[in-house]
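Reviewing the structure listed below.
All of the numbers you see were taken from the coordinates with simple rules; none came from a lab. No experiment lies behind these values; they were computed from the predicted model shown. Cβ: placed from backbone, ideal geometry, glycine included. Neighbour counts: every protein chain shown.
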Amino acid sequence: MSERKIPKEVIEEVERLREEIEYHNYRYYVLNDPVITDEEYDRLMRRLIELERMYPELVTPDSPTQRVGGKVLEGFKTVKHSVPMLSLDNTYNEEEILEFDRRVKKALQEAEVEYVAELKIDGVSIALRYENGRFVLGATRGDGIEGEDVSENVKTVRSIPLRLRKPVTIEVRGEIYMPVDEFKRLNDEREEEGLPPFANPRNAAAGTLRQLNTALVAARRLDSFIYYVVHPENYGLKTQWEALQFLKELGFKVNPHSRLCKNIQEVIDYWKEWKERKRELDYWVDGVVVKVNRFDFQRILGETSKAPRWAIAFKFPAEQARTRVLDVTIQ
Ligand SMILES: NC(=O)c1cnc(OC2CCCC2)nc1N
């Protein structure tokens, strides 16, 4: 069949709808500050779905219509990480975090070292690749060297942009998590269906990302926080704090509670504050991730095969297992 000529105004309308819909996804899911009603948003999406159905050759992998899922995959391809996805060593108390600070200062021969303190989101690590600002790959951590290509499922996470606000080629990393109220709703649903409940939001997020039916993933509300730029020097970034700002400018959802600390004492103060305040959050956190702020210092400190020497997890005390039975006070 000869190539059907698609009217220019159709191509223009499709492109405009894509930009507009992705902009509203950004406003709603990243900024939590929508500027149109749900009805207006649905009307835009329905119009784009209709045009893509009339002209399937116009569909692109980064079209917002791909966010509603509908594919059932055979399996996930394996993908090699550009640089290993490292894990974190753990510390559990002030004495151990002070020891980390001493080790860092000794290796750097520095008297003062700035840190970035970030809430440790209890979710699933994810690597995201973009080419000229367009989403091309989402991969799980796997064994740190290789992960699974879960791109089709990642596209359903509304806070993960399909197109960046700058046309950069970049890889970023972060956490995909399930908000607590979605976790509760999902477990209620599973109980009604006679399915076993998920033990915690992390397992629920991991289990969802492993689904081969993307419509099912789209029906569950996963969210994200991005915290890492691969090869930050390629973008003129000198510190982790600058990297977090850059990620925000690109359109990623970045955790608003991260704090630049001028010394380890401020890190300890931050940890003490959030050990108490974490109940205010609608996602689970299991501690604080402490990172040396300057990238030149990170390069000097380097990594072991498993974890960086320039970052560490400062865990909150484990909560005693929540008893389902209400505490009964003896009258
Ligand atoms: N769960 C988190 O919130 C989290 C995890 N990891 C990192 O940093 C990686 C970057 C290099 C080693 C650890 N930061 C975080 N905030």
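Counting other C-beta atoms within 10 Å, which of Thr156, Thr91 has the fewest, and how do the rest follow?
With the fewest neighbours first, Thr156, Thr91 line up as Thr91, Thr156.
Give, as ranges by residue number, the residues of region 97-120 whose backbone N falls under 11 Å from the point 7 Å along Cα→Cβ of Arg277.
119
Across 5 Å bins from the origin, how do the percents of Cα pairs in region 62-128 run, short distances first?
Per 5 Å bin, starting at zero, the Cα-Cα P(r) for region 62-128 comes out as 3, 9, 12, 16, 15, 13, 9, 6, 6, 8, 3, 0 percent.
If you average 1/r over every pair of different alpha-carbon atoms in region 197-248 and take one over that average, what Kirkwood value in Å do you get? If you can, show how the numbers build up before the last one.
Working: mean 1/r = 0.0739 Å⁻¹.
Radius from the Kirkwood sum: 13.5 Å.
Where the centroid of each part is defined by its Cα atoms, how far is region 45-74 from region 263-315 in Å?
Their Cα centres are 40 Å away from one another.
Taking H placed 1.01 Å from N in the peptide plane, check which residues at least 5 places from Val254 or on another chain put their amide H under 5 Å from its amide H.
Sorted by chain and number, the residues that satisfy this are Ile226.
For the chain, find the longest principal axis of its Cα atoms and tell me its angle to the long axis of helix 94-108, 0 to 90°, nearest 10.
With both axes taken from Cα atoms, the answer is about 80 degrees.
Of Lys253/Lys275; Lys71/Lys155; Lys275/Lys306, which sit over 20 Å apart, Cα to Cα? Before the final figure, lay out the partial values.
Values: Lys253/Lys275 23 Å; Lys71/Lys155 12 Å; Lys275/Lys306 27 Å.
Lys253/Lys275; Lys275/Lys306, as the Cα separations exceed 20 Å there.
Pairing the Cα long axis of helix 180-192 with the longest principal axis of the chain, what angle in degrees results, from 0 to 90 and rounded to the nearest 10?
70 degrees
In Å, what Kirkwood hydrodynamic radius results for region 171-315 from the alpha-carbon pair distances?
Taking the inverse mean of 1/r over all distinct Cα pairs, region 171-315 comes out at 17.4 Å.
Return the distance in nm (one decimal) between the two label points of a simple spin-label model at Val230 and Glu19, each offset 7 Å from Cα along Cα→Cβ.
Here the answer is 2.9 nm between the modelled labels.
To the nearest 500 deg cm²/dmol, what mean residue ellipticity at 222 nm is calculated for the chain from DSSP H runs of n ≥ 4 alone, each contributing -39,500 (n - 2.57), summed and divided by the residues?
Computed mean residue ellipticity for the chain: -10500 deg cm²/dmol.
Give me the number: length gained by fully extending Glu193 to Asn90, i.e. 0.36 nm times residue separation minus the C-alpha to C-alpha distance, one decimal in nm.
My answer for the length gained is 33.3 nm.
Where in the chain is the longest stretch that carries no GluC sites (Glu not before Pro) classed as loop by DSSP and with at most 12 other Cβ atoms within 10 Å?
194-318
If I model region 2-159 as equal point scatterers sitting on the Cα atoms and use the Debye formula, what is log10 I(q)/I(0) at q = 0.14 Å⁻¹?
Values returned for q = 0.14 Å⁻¹ are -0.91.
Any chance you could run the full-extension gain for Phe316 through Thr78? It's 0.36 nm times the residue separation minus the Cα-Cα distance, nm to one decimal.
On the way: separation 238, 0.36 × 238 = 85.68 nm, distance 3.38 nm.
Difference between extended and current length: 82.3 nm.
Once both axes come from the Cα atoms, what is the angle between helix 264-277 and the longest principal axis of the chain, in degrees from 0 to 90, rounded to 10?
The angle comes out at about 60 degrees.
Would you mind computing the Rg to Rh ratio of the chain from its alpha-carbon coordinates, Kirkwood style for Rh? Spell out each step's value before the answer.
Numbers: Rg = 21.9 Å, Rh = 21.7 Å.
Over the Cα atoms of the chain, Rg/Rh equals 1.01.
In sequence order, what are the phi-derived ³J(HN,Hα) couplings for region 224-233 according to the Karplus relation 6.51 cos²θ - 1.76 cosθ + 1.60 with θ = phi - 60°, rounded to whole Hz, with x for glycine and proline?
Going residue by residue, I get 8, 9, 9, 9, 8, 10, 7, 6, x, 4 Hz, with x marking Gly and Pro.
Using the eigenvalues of the Cα gyration tensor, what equivalent ellipsoid semi-axes result for region 157-201 when each is taken as the square root of five times the eigenvalue, whole Å, largest first?
Gyration-tensor ellipsoid for region 157-201: 33, 10, 8 Å.
Gain in length, Asp269 to Ala206, computed as 0.36 nm per residue apart minus the alpha-carbon separation, to one decimal in nm?
19.5 nm
Just to be sure I follow: if Rg is taken over the C-alpha atoms of region 1-85 and Rh is the Kirkwood radius over the same atoms, what is Rg/Rh?
Radius of gyration over Kirkwood radius for region 1-85 works out to 1.07.
Under a plain spin-label model, where a point goes 7 Å from the Cα along Cα-to-Cβ, how far apart in nm are Lys105 and Asn32?
3.7 nm
At 1.306 mPa s and 10 °C, plugging the Kirkwood radius over alpha-carbon pairs of region 135-218 into Stokes-Einstein gives what diffusion coefficient in µm²/s?
111 µm²/s
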